[in-house]
1. Can you spot the aspartates and glutamates whose alpha carbon is less than 13 Å from B:LYS218's alpha carbon? Ignore those fewer than 8 places along the same chain.
2. For chain B, list log₁₀ I(q)/I(0) at each q in 0.08, 0.13, 0.14, 0.15 Å⁻¹, using the Debye formula over Cα point scatterers of equal strength and ignoring solvent, two decimals each.
3. I want to verify the translational diffusion coefficient of the protein assembly as shown in µm²/s; compute it with Stokes-Einstein, Rh as the Kirkwood radius over Cα pairs, at 25 °C and 0.890 mPa s.
4. Could you calculate the FRET efficiency of B:LYS308 with A:SER57 from 1/(1 + (r/R0)^6), where r is the beta carbon distance between them and R0 is 22 Å, rounded to 0.05?
5. Compute the normalised compactness of segment B:14-65: alpha-carbon radius of gyration over 2.2 N^0.38 Å, N being the residue count.
6. With charges only on Cβ, +1 for K and R and -1 for D and E, what is the dipole size of segment B:12-156 about its Cα centre, in debye, rounded to 20?
7. Counting only helical runs of four or more DSSP H residues, what would the 222 nm mean residue ellipticity of the protein assembly as shown come to if each run contributes -39,500 (n - 2.57) and the total is spread over all its residues?
8. Compare the Cα positions of B:LEU99, B:ASN115, B:GLN139 along the charge dipole of chain B (+1 at Cβ of Lys, Arg; -1 at Cβ of Asp, Glu; about the Cα centre) and return the one farthest towards the positive end.
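Bear in mind that the values in this text are calculations on the coordinates, not laboratory data. This one's a predicted model, so the numbers in the text were calculated from it and none came from an experiment. Virtual Cβ from ideal backbone geometry, glycine too; neighbours counted across all protein chains shown.
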Amino acid sequence: MATKDWPLWEIFVRSKNGLEHRHFGSLHAADAEMALENARDVYTRRNEGVSIWVVESKHITASNPENYGELFEPAQDKVYRHPTFYDLPDEVKHM
Amino acid sequence: MSEEQIMSLEKYFEERIARDEKIEPKDWMPEKYRQTHIRQMSQHAHSEVVGMLPEGNWITRAPSLRRKVALLAKVQDEAGHGLYLYSATETLGVSREELYEQLHTGKAKYSSIFNYPTLTWADIGAIGWLVDGAAIINQVPLCNTSYGPYARAMIRVCKEESFHQRQGYEIMIKLANGTPEQKEMAQDALNRWWWPSLMMLGPTDDKSVHTEQSMKWKLKRKTNDELRQQFIDQTVPQADLIGLKIPDPDLKWNEERGSYDFGGIDWDEFWQVVKGHGPMNKERMKARVGAWERGAWVRDAAMAYAEKKEKRKQAV
C-alpha cells in the first residue's frame, strides 16, 4: 500500500474561560479526533488550556501580504475613527 | 522577477529585519534566508528528537519513581519541542516527510552531543545540567529571532527547558553528597560531558562559516565564543557548590576580564563526531530509522481508519 502522509492541522487553544482561542501551532494527524488528542499532548502539557479547536490547514484562507496596501492602508488615514481626533475643552470630565 | 526588483525587495527585507520587524511565512524572503532557516530549524528539531535516545536509555532504570516521572516528562518535552520546531520549519514550504528523509539519510545534521553514550545514571544528571544548560544559553537569544514561527516555537521551548536543567542538577547534587562511589560517579559524568558540552556551542568564531550572515538575520545574537564564555562562567560556580571539579587544569578566574580562562578544546574530536565517527552516531541513526520504519504500519492503519470513517459518514 502506498503510504499517504497525515494531513496538517492548525491548533487553537483557549487558555482559560473568558479568553478567546488563540493559534498555538500546528501538527499532523490522520483525522480530527487524533488531531485533538495530539494537540492535548503537544500543546497543553502544563495546563495551558481548557478548550482546543483543530482545523485542517487546507481549509484556512489567508490574506496575501502582497495585498497589504489595498487591504489595510484605507484604515490608516481615518483618524476621525479615534476618540483623540475630537477637540474638547479640558474642563469636560468623564468623556 | 527582474534582478532589479529582487534587489529592491531584498533591500526592503533587510530594512525590516534591522527595524526588528518579524518575518512571517507568506512574506517575501530571499531564497538564502529560507534555505538557512530550513537548515537551522530542522537541525534544531532533529536534535530534540535524537536527544530523546540517550536519555530514554535510562527511563526503565531510574533509581526512584520521582526520578522516573521527571525523566519521562523531560523526554516527552523533547518530543514536543521537536514537533513545535518541525511544524515551524514546515511553514517555509518543506514537508515533514522531506525533513525526516534528510535526517534518516544523514543529509541533515543534529547536535553532535547526542553521539556520546549514557553509561551511568549520573550521565542523566550531567545531561540535564550541562547539555540542557548549554542549550538554554543557545536558545534564549532565539526567542527574539527574525522569523516569527521560529521565535514563537523558541519561547515555548525556553519556558519548558528550565525544569530540565534543574532536574539534572538536582541529580548531581544528590550524587555529589552521596557515598564516595556516588560522588565518583558524578565526577566521572562531569569529566566525560564537560568538553562535549563546550563544543556544543559551536566552532570558534574564526572557524564559524555562518556567524556573520546569521547575526544579520538575528538567527544569532551572540557569537559562539561569547556563548561558550557565558556557559563556563555560570557553570563553574555550580560545580564548586557541589564539590565537583571541572576537568580542565587550565581553568582559572581572570580578575581583569571578570571571566574564567579555560584550556584548549579538542576540535579534531568535534569534527570527527560531526562527520559521523562519534561513539554512538551509527547507533542513534539505527534507532531513529528503525522506529520510523517499524511505525509505518501504524501510520498507514491510522490513515486507512480515518478514511473509512469519513466514507461511512458521507454514506449516511
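1. Straight-line reach from B:LYS218, under 13 Å: B:GLU14, B:GLU15, B:ASP20, B:GLU21.
2. Scattering profile of chain B, log10 relative to I(0): -0.42, -1.02, -1.16, -1.29.
3. The diffusion coefficient I find is 102 µm²/s.
4. Details: r = 22 Å, r/R0 = 1.01.
E(calc), rounded to 0.05, equals 0.50.
5. 1.89
6. It comes to approximately 380 debye.
7. Details: 16 runs with 221 residues, N = 411.
Using -39500 (n - 2.57) per qualifying helix, the result is -17500 deg cm²/dmol.
8. Sorting the options by dipole projection puts first B:LEU99.
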